[in-house]
1. Taking segment 84-120 on its own, how many of its residues are touching a strand residue (DSSP E or B) at 6+ places or on another chain (Cβ under 6 Å) and surrounded by 19 or more Cβ atoms within 10 Å (Cβ to Cβ)?
2. Would you point out the residue of segment 166-199, among those that are open to solvent by less than 60 Å² (accessible area, probe 1.4 Å) and among the small types (Gly, Ala, Ser), that is nearest to Asp139 (Cα to Cα)?
3. Among the numbered conditions (1) free of Cβ contacts under 8 Å to residues at least 40 places away in the same chain; (2) in contact with a Leu (Cβ under 8 Å, 6 or more places away or on another chain); (3) of a type outside the set (S, T, N, Q), tell me where Val168 comes up short.
4. If a residue must be of a type outside the set (S, T, N, Q) and open to solvent by less than 20 Å² (accessible area, probe 1.4 Å), how many such residues does segment 65-78 contain?
5. Check Pro38, Pro81 and return the single one that is surrounded by fewer than 19 Cβ atoms within 10 Å (Cβ to Cβ), of a type outside the set (Asp, Glu) and in contact with a Gly (Cβ under 6 Å, 6 or more places away or on another chain).
6. Filter segment 150-165 for residues that are aliphatic (A, V, I, L, M) and more than 23 Å from Asn214 (Cβ to Cβ); which is surrounded by the most Cβ atoms within 10 Å (Cβ to Cβ)?
7. Mind counting the residues in segment 137-149 that are open to solvent by 40 Å² or more (accessible area, probe 1.4 Å) and not in a helix (DSSP H, G or I)?
8. Could you check, for segment 108-122, whether at least one of its residues is touching a helix residue (DSSP H, G or I) at 6+ places or on another chain (Cβ under 7 Å), assigned to a helix (DSSP H, G or I) and more than 20 Å from Glu176 (Cβ to Cβ)?
Amino acid sequence: DVVNNIFKNSVCNRCFKPAEGLCEVLNSGFTYPVTPYPKLEHRCSKCEEVRYCSKECKHADRERHVDAHECETFKQLRILPLDEMFSFDGSLLKFLVRMMLRASEERKLDALDEGTAERAEAEERYRRMFYGNNQRLYDMTSLQTHREDVAAERVAEFRHMVQIANRVVPEAARMEEELAIDLVCAEECNAFGMWAPGAFLLGYGVYPLSSYFNHSCAPNCMRLREGFSIKFQAMLPIKSGNPVCISYMNVCRTSDVSRRRS
């Protein structure tokens, strides 16, 4: 998951908690730079790209952000030429970098012999690093990408983004271009948003097992985010054998049926 780059100084890099007063500013009708967004106090002083709601969140994120080379990679993103920096979504580039770094950690883990103390220690470190989320890269590659429906110009943009990511990540984390483009396409059609009241997107993430739910404009199940987990709760009794569906959008805000279908 990744914080929306617009709110990188105002939303916690670990738990997505917004800075005090951010939601009020967003719902006031005034947006940055007319009204500056409130900032979280605890910042990574090395890359200056992420902030935290508390010392505890900053400390807990150290293994992922510092030890897995995210910090040094994000620092490289800050010195990109301006024409590259503003040519695409910075949040998506960070998401791609995180996927590459996570895949690198998976390869390190898989290189260790199973059943050994070293492997057990590495598995525990991996769980801590990613907050107990054991879903792996192959879970992501199993998702629909709908790449054939993506405009050629958009695919070219993704390719450029992948090339930049491969420049800034450590060599061991570099990824084959076509695989990385497929992962970005998978993110585009499978991500779950983290929303503030008033329909402001604070960030988003891909949770592969959660992506198998189909959409319905009359859903019988709802999605809830609790801490670092996404939970699904039935909204009414569901008979055995009936499909469990969620809504991919806020159907109350999208009354046009043609827009829902698109």
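The values are calculated or read from the model by the stated rules, or taken from the named source; none is laboratory data. Model, not experiment: these values are computed from the prediction. Here the Cβ is made from the backbone with ideal geometry for all residues, glycine too, and neighbour counts use every protein chain on show. SASA here: full protein model, heavy atoms, side chains in, ligands and nucleic acids out. Shrake-Rupley method; radii C 1.70, N 1.55, O 1.52, S 1.80 Å.
1. Final tally of qualifying residues: 2.
2. In this case the residue turns out to be Ala186.
3. Every condition holds for Val168 apart from (1).
4. Number of matching residues: 6.
5. Just a single option satisfies the conditions, and that option is Pro38.
6. In this case the residue turns out to be Ala165.
7. Total meeting the criteria: 3.
8. The answer is yes; a qualifying residue exists.
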